1. What does the accessible area of LEU190 come to, in Å² to the nearest 10, when a probe of 1.4 Å is used?
2. Could you provide, to the nearest whole Å², the per residue accessible area of the chain with probe 1.4 Å?
3. Starting at the first residue of segment 179-191, write each ³J(HN,Hα) from the Karplus equation 6.51 cos²θ - 1.76 cosθ + 1.60 with θ = phi - 60°, in whole Hz, x for Gly and Pro.
4. What's the longest uninterrupted piece of the chain once you rule out the GluC sites (Glu not before Pro) that are loop residues per DSSP with at most 11 other Cβ within 10 Å?
5. How would you classify segment 258-340 from its alpha-carbon gyration tensor, with a ≥ b ≥ c the square roots of the eigenvalues: rounded for a/c under 1.5, else prolate if a/b is greater than b/c, otherwise oblate?
6. Which value, in debye to the nearest 20, gives the size of the charge dipole of the chain about its Cα centre, when Lys and Arg are +1 and Asp and Glu are -1 at the Cβ?
7. Can you tell me the relative contact order of the chain? Whole percent, Cα pairs under 8 Å, sequence separation 6 or more.
8. Taking every pair of alpha-carbon atoms in segment 188-340, give the share separated by more than 24 Å as a whole percent.
Amino acid sequence: MRPMVHGGPDAQGVPVHDFSTNANACGPCAAVMQALRQADPTRYPDPAATALRARLAAWHGVAPERVLVAASASEFIARITAAVALRRRGEGPVQVPAAAYGDYRRAAEAHGLPVQVVGESLALGDDRPPVLAWACEPSSPRGDAVADLPARLDALPPGTALVLDCAYVPLRLEGASALTAAQRDRCWQLWTPNKALGLTGVRGAYAIAPAEAPDRLVQDLHALAPSWPLGAHAEAMLRAWTEPAVQDWLSTQCLPRLRQWKQRQIAQCEAMGWQVAPGVANFFCARPGAPSLDEALRDLRAQGIKLRDCGSFGMPGWVRLGVLPPASQDALARAWSPFA
């Protein structure tokens, strides 16, 4: 089993300048914080999340029965992998991007499913048609647009469940997805608003089933779900996510500021001699070029600065940086000067 690697707080506590996560650095959203304070944790929430699912369905313009709530994106990743393994073990592999969130592969391996790695017009591993496929757009860790995603979707056999991880759709800073509405309607869409809201400590997510999702798969996903996927605070966060004031905060107050911060942060990284990869989200990858990157990252962490090592993403020598305010960017530049 591959070890779990994540950004954010660790055994050393909360980093003062945490570049290692992709949370919205303009957050938290005050309106959602108020909703969390008003949540009632003394009572069980509705285990079926009836009102919440109806609200999310109306916001996305789909039928309520197409909305499934989840304890987190990682919980849904594990659950849909388990559901596919339950019925289709031995029929084909799980397809994952060459550089991607590690939980996709980890869930497949935990259920004994073979893995097929795709990227840059190649496929490695089991070459049978996949029974489950993963995509993330904007992608992680690179934060780039996935231009070949429509072609990849169209090439999948009809029986393959494709899950489109939409974690960074709300934090896209430029451009738009290449998928048409009809193509998106063929995917499972996995939404985790806590990153966009700057509230990653509140765990809660939801998935939108394809318009023609197999009934058996939907039934298995319900059967495999925990009795109460969402607590009171997660339910309050997801309910507030659809509020016009919250969406206005994100689009008019956060995204323009994040664009400015990102341009400044990229310029500063390039001034330090780092190679920066292009992207469209509120994070990007860079290659510092340090003689010993592990040593440099440990030294930075001791100074309260954390970057995400991309080795676990299959990109050794690279780091991922969430976009942070100028004060944090300057702290990174000062701390890096001995390695320049």
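1. My reading of the accessible area for LEU190 is about 0 Å².
2. Counting only protein heavy atoms, the per-residue value for the chain is 44 Å².
3. 6, 7, 4, 5, 5, 5, 5, 8, 9, 7, 9, 10, 10
4. On the way: sites that count: GLU120, GLU212.
In the chain, the maximal stretch lacking such sites is 213-340.
5. Values: a/c = 1.57, a/b = 1.16, b/c = 1.35.
Since a/c reaches 1.5 but b/c is at least a/b, the shape of segment 258-340 is classed as oblate.
6. Details: 33 positive and 31 negative charges, 76 e Å.
It comes to approximately 360 debye.
7. Values: 601 pairs, mean separation 87.9, N = 340.
Reported relative contact order: 26 percent.
8. Values: 5897 of 11628 pairs.
Everything past 24 Å amounts to 51 percent.
The values are calculated or read from the model by the stated rules, or taken from the named source; none is laboratory data. The model shown is predicted, which means the values in this text are computed figures rather than measured ones. Positions of Cβ are generated from backbone atoms using ideal geometry, with glycine treated the same way; all protein chains shown enter the neighbour counts. We work out accessible area using only protein heavy atoms, side chains counted, and drop any ligands, DNA or RNA first. Shrake-Rupley method; radii C 1.70, N 1.55, O 1.52, S 1.80 Å.
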